[in-house]
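The values are calculated or read from the model by the stated rules, or taken from the named source; none is laboratory data. Because the structure is predicted, anything quoted here is derived from the model rather than measured. All Cβ positions, glycine included, derive from the backbone under ideal geometry; neighbour counts span all protein chains shown. Heavy atoms of the whole protein, side chains included, go into the accessibility calculation; ligands, DNA and RNA do not. Shrake-Rupley method; radii C 1.70, N 1.55, O 1.52, S 1.80 Å.
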Amino acid sequence: MSTLVIEGLRASVAGREILTGVDLEVAAGEVHAVMGPNGSGKSTLAHVIAGRHGYDVLGGSVRLDGTELLGMPAWRRAEAGLFLAMQYPTEVPGVSLLDMLTESACTAEGAAVAERMREEAERIGFDEKFLARPVNVDLSGGERKRNEALQLGVLKPVFAVVDELDSGLDVDALRFVGDRIEDATEHDGLGVLAITHSSRVFDHLRPDAVHVFAGGRIQESGGAELAEELEAEGYERWTPALPEPEAAPFTDPFGDPFADLLT
Ligand code: ADP
Ligand code: MG
């Protein structure tokens, strides 16, 4: 059975440490939610797992079925079975979705990939006209998210990191995309790390475990009830408000022009 094991993961971006020691283990077929406030480093975690450039890994490990992923280029991680559904999927002008997926699936059988793409497109309500067009170019936020789900459905990874699935999706689109990924966990044994700041996504992608992420690490873990608690109370318990800076006494740099009238 597949497992993704993250141990003591630390990473910095632009000289600032964002991940301060992440420990997490996700087994095949499970959905683990990582919930945290904006700016807490959730996308950084997704990018460091996937091998995006621009981050300095300071320590720890990320293993998929015992294979160390850190140090591998992103494409090797994908080859090992890892998939990242991005928070903001990128435009790739000049490369059609069909060409990208045929290459990614490592097959010369473009026709078979095209057929799978059409099936997946129909399943999640993604317009077929996008299949031959350059990846994500001129697509709305919601269409890009459907595109991510389509790629996942075609490539059938072992493990998916899904970053803010619900952003840009209306209720119907969220149902299509969420149900598609949930189905992959049930029928293909897909393991999912669902990164999110809100619990809206859990109506369709049901978490087996919920982790509170703040201060660059997992602070608490629990079941689905923890997501409800977070929705009701917010993240304050894990991110104590910083003390308000003391207001400096106001000093007018130009002085009071009427001061001498008062004397
Ligand atoms: P989240 O996804 O939880 O909202 P991010 O991982 O996107 O948070 O960002 C965490 C912190 O790292 C933020 O303070 C953000 O400004 C900073 N950060 C992210 N990427 C960069 C970058 N490329 N350069 C400088 N700072 C960055
Ligand atoms: Mg983010």
Consider Arg77 carefully, then state whether it is over 19 Å from Pro157 (Cβ atoms) and either part of a helix (DSSP H, G or I) or open to solvent by 50 Å² or more (accessible area, probe 1.4 Å) (or both). no
For segment 81-96, which positions are among the polar types (S, T, N, Q) and closer than 12 Å to Lys145 by Cα? Gln87, Thr90
Looking at Val57, Val26, Val5, which is the one that is open to solvent by 50 Å² or more (accessible area, probe 1.4 Å) and away from ligand 2 (no atom under 16 Å from the Cβ)? Val57
What do you reckon, is Gly189 within 27 Å of Leu45 (Cβ to Cβ), assigned to a loop (DSSP other than H, G, I, E, B) and at pLDDT 95 or above? yes
Residue list for segment 81-98, filter: of a type in the set (A, V, I, L, M) and either in a strand (DSSP E or B) or free of Cβ contacts under 8 Å to residues at least 60 places away in the same chain (or both): Leu82, Leu84, Ala85, Val92, Val95, Leu97, Leu98
So the check is Cβ under 9 Å with 6+ separation or different chains; which pairs have a first residue in segment 35-52 that's closer than 23 Å to Glu79 by Cα and more than 7 Å from ligand 1 (Cβ to nearest atom) and a second one that's part of a helix (DSSP H, G or I) and open to solvent by 30 Å² or more (accessible area, probe 1.4 Å)? Ala50/Ala74; Ala50/Ala78; Gly51/Ala74; Gly51/Trp75; Gly51/Arg76; Gly51/Ala78; Arg52/Ala74
Out of segment 202-227, which residues are open to solvent by 40 Å² or more (accessible area, probe 1.4 Å), within 20 Å of the chain's Cα centre (by Cα) and either farther than 29 Å from Leu58 by Cβ or small (Gly, Ala, Ser) (or both)? Asp203, Arg206, Asp208, Gly215, Ser221, Ala224
How many of the residues in segment 152-177 are open to solvent by less than 20 Å² (accessible area, probe 1.4 Å) and within 16 Å of ligand 1 (Cβ to nearest atom)? 6
Test set (1) surrounded by 16 or more Cβ atoms within 10 Å (Cβ to Cβ); (2) more than 16 Å from ligand 2 (Cβ to nearest atom); (3) β-branched (Val, Ile, Thr); (4) in contact (Cβ under 8 Å) with a residue 40 or more places away in the chain - Thr102 fails condition number: (4)
Leu45 fails exactly one of (1) outside any strand (DSSP E or B); (2) more than 16 Å from ligand 2 (Cβ to nearest atom); (3) among the hydrophobic types (A, V, I, L, M, F, W, C), namely (2)
Is at least one residue of segment 192-202 farther than 24 Å from Gly222 by Cβ and in contact with an Asp or Glu (Cβ under 9 Å, 6 or more places away or on another chain)? no
Enumeration of residues in segment 220-242 that are farther than 26 Å from Ile181 by Cα and outside any helix (DSSP H, G or I): Gly234, Tyr235, Glu236, Arg237, Trp238, Thr239, Pro240, Ala241, Leu242
